Amino acid sequence: MNPWDLYGATALVVDGNPTSRSILVAQLRDLGAATVAQAPRIADARRQLEFRTFDIVVCEQNFPNDHGTGQELLDDLRRAGLLPFATVFIMVTAEATYARVAEAAESALDSYLLKPFTARQLAERIGYARHRKTVLRDIFSAVEAQDFERAAELCLQRFHARQDYWLYAARVGAELLLRLHRYDEAQHLYEAVVEAKALPWARLGVARAQLDAGQPQKASGTLQALLDSDSGYADAYDVMGRAQIELGNFDAALAAYRMATELTPYSISRLQRHGMLAHYCGQCELAEQMLARSVRLGLDSKMFDAQTLVLLGFMRFEASDRKGLQRCIDDAGRILERHPESQRLQRLVQVLHIAQLLLEAQVARVLQGLRAMMAQLLDEGFDFEAACNLATLLAYTAARAIQIDEVEERLTVLGRRFCTSKALTALLAQAASAHPPYAERLSALYNDVLSLIEGAMRHSLAGNPRAAVLELLAHGHATCNAKIIESAWGTLKRYQACIDDAEALAARLQPLRTRYQSWANKPVIGDKAARQAGGVSLRVMDVKSTET
């Protein structure tokens, strides 16, 4: 296929100016595009791109009479994994000095055009982008075949040989290495790009690799240096927020998310992340402002996270706003209708219904719902988000002097599973803040977890690491705690040479690690399936159901 030949291609033109839009439509049709759709507003474009696939998108950067910019649309689409690799995204702008447009286009791995331009220039930009995708087809064929190791190796070969599009390949390769948990290799690749070009995305990649490798303090320093030289890099503030959360510096994380939101005020995902963290930090007014705005902008968007409705529902509950809570339930129900198989959405709707029953003082049905949730505490799909929501409901119930006989025992089970770091423990305790004794109990359970680990490690210090692994393995089975499971794994790896049945112990540990994803024990605000800021959208890896 000739990349400059658009015969049979489908295209979308996003432009608020009718004259400019009609010119672009005519140019694309003259170039051979079979179907050219139009979107005069950001919201219209978002809806079309969420539900249709286009070969080419040509998007205006500036929308003076609309909410947002072309860059913010692109940013949200990338973050949600809604741009397939095959789609060419071209940004159009009249601002020749607008450096961020170039960065945005590079992030989407395509191009941008400065006005005024001719049909020939448009064809050249589209053709160049399609040619690049053709040259790198072997890499993305490997990705589509789920052979991520092969795809990463192809990227590394192209980078080291400095073949065509080697920077492009380096970025994709580093993303693959991160997702394969080869953090040191990813960091070295990003650093090699920095040495060659000092590109902002590569410097951000170094920080992401450090963060994923469990070095949040180093990542914070790398990010600060990047932001000192580029204070308008929104993705860097996103990653800084993640680093500060892992360090337990929630005020600093909020400040980073505030900067990202101010830079992109119409980004649905950033509004939600900012609002969610504000809620967990007890800043209710800010949380309501951010979350309510995200509902107004993106309730029907695939980027919208239904946990937003749960947190808003809690706020309506605290204000005894029955109608407001019912609106949250209705909105969540409509999302569930679109994804009836999603266990996560089913659980979120269940949480809202229990809050409504509690507001209506239907005690028997509240107890029935809470006991059903507590019975799932050790289930594989019951995650940290579910734990926080349950802790909030239990605290609301206790604050209304409703007695649950088994609550102390179940609260202990909850804490022993999910108190895996100081940061996560603080977030979980804050979720139960409506009833301080529960918050205090959850805070104390992190020390219980540490005591279990320290007790087991005494065997190792006494020269019997196998006994330490066995005790940690037993605690891991009993608590499903990611920190305990990873402590067992780390001890086994460190002393495997002097443990005769190390291979058999590894075979017993690995299913626990897989089931509870203990190697990925990170604080995640919002839907953990969403693409992390700064990452390349590899759609075949990113697009998932709302949550299984």
Report every pair of residues separated by at least 6 positions or lying on different chains whose Cβ atoms are under 7 Å apart, first residue within segment 252-277 and buried (at least 24 other Cβ atoms within 10 Å of the Cβ), second of a type in the set (D, E). A260/D238; S267/E72; S267/D75; S267/D76; I268/D76; S269/D76; Q272/D305
Test of understanding: among A11, A33, which residue is small (G, A, S), surrounded by 14 or more Cβ atoms within 10 Å (Cβ to Cβ), modelled with pLDDT of 85 or more and within 27 Å of R171 (Cα to Cα)? A11
Can you find, within segment 76-123, the residue that is farthest from V143 (Cα to Cα) among those that are assigned to a loop (DSSP other than H, G, I, E, B), touching a Leu at 6+ places or on another chain (Cβ under 6 Å) and at pLDDT below 70? A96
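I need the full set of residues from segment 327-351 which are outside any helix (DSSP H, G or I) and closer than 23 Å to R371 by Cβ, in order please.
If we filter segment 327-351 for residues that are outside any helix (DSSP H, G or I), which is where we start, we get 339-342.
Once the filter is applied, which keeps residues that are outside any helix (DSSP H, G or I) and closer than 23 Å to R371 by Cβ, segment 327-351 yields only S342.
Per-residue answers, yes or no, for (1) out of contact with any Asp or Glu (no Cβ under 7 Å at 6 or more places or on another chain); (2) not acidic (D, E):
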{"site": "Q224", "(1), (2)": "yes, yes"}
{"site": "S229", "(1), (2)": "yes, yes"}
{"site": "G248", "(1), (2)": "yes, yes"}
{"site": "Y257", "(1), (2)": "yes, yes"}
{"site": "E262", "(1), (2)": "yes, no"}
{"site": "S269", "(1), (2)": "no, yes"}
{"site": "C281", "(1), (2)": "yes, yes"}
{"site": "E288", "(1), (2)": "yes, no"}
Scanning for something of a type outside the set (D, E), surrounded by 16 or more Cβ atoms within 10 Å (Cβ to Cβ) and more than 23 Å from the chain's Cα centre (by Cα), does segment 80-88 turn up at least one residue? yes
Can you pull out the residues in segment 118-145 that are among the small types (G, A, S) and either free of Cβ contacts under 8 Å to residues at least 24 places away in the same chain or out of contact with any helix residue (DSSP H, G or I) (no Cβ under 9 Å at 6 or more places or on another chain) (or both)? G127, A129, S141, A142, A145
Return the pair list, or none, for Cβ contacts closer than 9 Å from residues in segment 336-358 that are in contact (Cβ under 8 Å) with a residue 12 or more places away in the chain to residues that are surrounded by fewer than 20 Cβ atoms within 10 Å (Cβ to Cβ) and of a type in the set (D, E), at least 6 apart or on different chains. R344/D383
Can you give me the number of residues within segment 332-355 that are crowded, with 20+ Cβ neighbours inside 10 Å and either of a type in the set (D, E, K, R) or more than 25 Å from K302 (Cβ to Cβ) (or both)? 4
If a residue has to be under 19 Å from E385 (Cβ atoms) and not in a loop (DSSP other than H, G, I, E, B) to count, how many in segment 258-283 make the cut? 13
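Residues of segment 303-326 being in a helix (DSSP H, G or I), small (G, A, S) and surrounded by 21 or more Cβ atoms within 10 Å (Cβ to Cβ), which ones? Even if it seems obvious, please write down each step before you answer.
Keep residues of segment 303-326 that are in a helix (DSSP H, G or I), which gives 307-318, 322-326.
Of the ones still in play, those that are also small (G, A, S) are 313, 324.
Within segment 303-326, just G313 meets the criteria.
Out of all the residues in segment 453-504, which are at positive phi and either free of Cβ contacts under 8 Å to residues at least 40 places away in the same chain or in contact with a His (Cβ under 8 Å, 6 or more places away or on another chain) (or both)?
Quick first cut of segment 453-504, residues at positive phi only: 463, 480.
Of everything in segment 453-504, just one residue is at positive phi and either free of Cβ contacts under 8 Å to residues at least 40 places away in the same chain or in contact with a His (Cβ under 8 Å, 6 or more places away or on another chain) (or both), namely G463.
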I'm trying to understand the selection: among the residues of segment 188-218, which are free of Cβ contacts under 8 Å to residues at least 60 places away in the same chain, under 11 Å from L167 (Cβ atoms) and touching a Lys or Arg at 6+ places or on another chain (Cβ under 8 Å)? V193, A202
Residues L394, L377: which one is closer than 26 Å to A364 by Cα, of a type in the set (A, V, I, L, M) and either free of Cβ contacts under 8 Å to residues at least 24 places away in the same chain or buried (at least 21 other Cβ atoms within 10 Å of the Cβ) (or both)? L394
Flag if L424 is in contact (Cβ under 8 Å) with a residue 60 or more places away in the chain and not in a loop (DSSP other than H, G, I, E, B): yes
Determine whether A196 is at pLDDT 95 or above and either within 21 Å of R158 (Cβ to Cβ) or touching an Asp or Glu at 6+ places or on another chain (Cβ under 9 Å) (or both). no
Looking at A364, A387, A391, which one is more than 30 Å from L472 (Cβ to Cβ) and part of a helix (DSSP H, G or I)? A364
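In this structure, does R410 turn out to be in a helix (DSSP H, G or I), among the basic types (K, R), modelled with pLDDT of 95 or more and closer than 22 Å to G333 by Cβ?
Numbers: in a helix (DSSP H, G or I): yes; among the basic types (K, R): yes; modelled with pLDDT of 95 or more: yes; closer than 22 Å to G333 by Cβ: no.
So R410 fails the test.
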Could you say whether any residue in segment 449-463 is crowded, with 18+ Cβ neighbours inside 10 Å, among the charged types (D, E, K, R) and either over 23 Å from A399 (Cβ atoms) or within 27 Å of the chain's Cα centre (by Cα) (or both)? no
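I want to confirm something. Restricting to segment 13-58 and keeping residues that are in a strand (DSSP E or B) and within 27 Å of the chain's Cα centre (by Cα), which single residue is farthest from S294 (Cα to Cα)? Write out each step before concluding.
Taking segment 13-58 as the starting set, the residues that turn out to be in a strand (DSSP E or B) are 13-14, 35-39, 56-58.
From what is left, the residues that are within 27 Å of the chain's Cα centre (by Cα) are 14, 56-58.
Numbers: V14: 22, I56: 28, V57: 25, V58: 26 Å.
Across segment 13-58, the extreme among qualifying residues is I56.
The values are calculated or read from the model by the stated rules, or taken from the named source; none is laboratory data. As the structure is a computational prediction, the values presented were derived from the model and not from experiment. Glycine also receives a Cβ, built like all others from the backbone with ideal geometry; neighbour counts cover every protein chain displayed.
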